[in-house]
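Written out below as structure tokens is the structure these notes cover.
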Amino acid sequence: MIANLLSEAAAHLAAHGIPNPRLDAEVLLAHTLGISKTGLYTRLHTSLDTARRIAFWQQIERRAQREPLPYITGIQEFWSLDFVVDPRVLIPRPETELVVEVGLELLEAPSTVSAQSAQQPIQILDLGTGSGCITIALATQLSQAQFWACDVSSEALTLARENAHRHGVDERITFIQANMRAGRESIPSTCDLFDLIVTNPPYITQPELTTLQPEVRDWEPRLALDGGQDGLDFYRCLLQDYPMLLRLGGWLVMEIGHDQSEAIMRVAEAQPTLTGCSVRRDYAGLPRVVSAQRQ
């Protein structure tokens, strides 16, 4: 029966040190059967055929090797949208939704001097787009805006394009392979000035990389994690160079590590081209997003 199968799978995952083994077993079995977890509960006293049982145990073994659950199912929810994910990209986190929230709020703020005043489309640049989750979430909310999504990884851009097409916003997003560590010169000169730049850059310190949980350390792309020796390499570049790509009154919105706000604010407040620097806390009460306006 399915109930017994779930118990066996949960015990196997627990023996391999997997947190929440029962929940993961349920998610993987529902995925195998192509049903919801609610549908799974209604079938607890039914049996599986051999092919589906084998497929389920193959997925359990992958999870036992600490492969992240979203890479096994191939889907991660973000902003109530399903994104295709695999080891080419960082798995979208719930806290990154705050970048989207803050970006939308700032575009609506009376103090924002943007292209809206000239009856031109809002122009938004996403640096290090990965799966495309930030850009695509914004695009679903801003139907008239135009987007540029950059990433150093061509493989990540391929997946981001797939996600954009999946959500029907691909025609408004220009995907660009560019290394944001190289500064604004890496962005093609054909791009206009932007009303909003958003980014979730790599911010894990190099000493911390080896201490991360195996699901992150061994599976997610190091390019999307490594922020240099102190974790601030990308922020220095972002704050010192990229404001010149903003229109006057445009905003830079960055996700940060929970213990980096003071250091990043010092860099931000030292930039003569920026004003209104502030930190927004996430729903866990941790500093999560820094925003600053081009003056």
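The values are calculated or read from the model by the stated rules, or taken from the named source; none is laboratory data. Computed from a predicted model, the values in this text were never measured in an experiment. Here the Cβ positions follow ideal geometry from the backbone for every residue, glycine too, while neighbour counts run over all protein chains shown.
Of note:
- Matching residues in the range 225-234 - criterion: being surrounded by fewer than 24 Cβ atoms within 10 Å (Cβ to Cβ) and part of a loop (DSSP other than H, G, I, E, B): Leu225, Gly227, Gly228, Gln229, Asp230, Leu232
- Within the range 124-139, the set of residues being under 8 Å from the mean Cα position of the chain (by Cα) and assigned to a loop (DSSP other than H, G, I, E, B) comprises Thr129, Gly130, Ser131, Gly132.
- Test result for Ser36, within 22 Å of Ser143 (Cα to Cα), of a type in the set (Ser, Thr, Tyr) and surrounded by fewer than 16 Cβ atoms within 10 Å (Cβ to Cβ): no
- Tabulated pairs, the range 25-49, first touching a residue at least 40 places away in the same chain (Cβ under 8 Å) and over 17 Å from Ala10 (Cβ atoms), second β-branched (Val, Ile, Thr) and not in a loop (DSSP other than H, G, I, E, B), C-beta under 7 angstrom, 6+ apart or interchain: Thr46/Ile2
- Qualifying residue in the range 14-30 (condition: surrounded by 16 or more Cβ atoms within 10 Å (Cβ to Cβ) and farther than 22 Å from Pro214 by Cβ): yes
- Among the residues of the range 153-192, those identified as out of contact with any Leu (no Cβ under 6 Å at 6 or more places or on another chain) and aliphatic (A, V, I, L, M) are Ala156, Leu157, Leu159, Ala160, Ala164, Val169, Ile173, Ile176, Ala178, Ala182, Ile187.
- Hey, Phe175 touching a strand residue (DSSP E or B) at 6+ places or on another chain (Cβ under 7 Å) and touching a residue at least 40 places away in the same chain (Cβ under 8 Å) or not: yes
- Qualifying residue in the range 278-287 (condition: part of a helix (DSSP H, G or I), out of contact with any helix residue (DSSP H, G or I) (no Cβ under 9 Å at 6 or more places or on another chain) and free of Cβ contacts under 8 Å to residues at least 24 places away in the same chain): no
- Test: residue in the range 286-295 that is out of contact with any Gly (no Cβ under 7 Å at 6 or more places or on another chain), modelled with pLDDT under 95 and not hydroxyl-bearing (Ser, Thr, Tyr): yes
Residue-wise test of (1) buried (at least 22 other Cβ atoms within 10 Å of the Cβ); (2) closer than 22 Å to Pro94 by Cα.
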| position | (1), (2) |
| --- | --- |
| Asp151 | yes, yes |
| Ala156 | yes, yes |
| Arg161 | no, yes |
| Ala164 | yes, yes |
| Asn179 | no, no |
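- Qualifying residue in the range 274-286 (condition: under 21 Å from Ala182 (Cα atoms), crowded, with 17+ Cβ neighbours inside 10 Å and in contact with a Lys or Arg (Cβ under 9 Å, 6 or more places away or on another chain)): yes
- Residue, farthest from Pro94 (Cα to Cα), within the range 248-264, restricted to residues that are touching a strand residue (DSSP E or B) at 6+ places or on another chain (Cβ under 8 Å) and part of a helix (DSSP H, G or I): Ile264
- Annotation: of all residues in the range 235-249 being under 19 Å from Gly128 (Cα atoms) and in contact with a Lys or Arg (Cβ under 9 Å, 6 or more places away or on another chain), the one that is surrounded by the most Cβ atoms within 10 Å (Cβ to Cβ) is Leu246.
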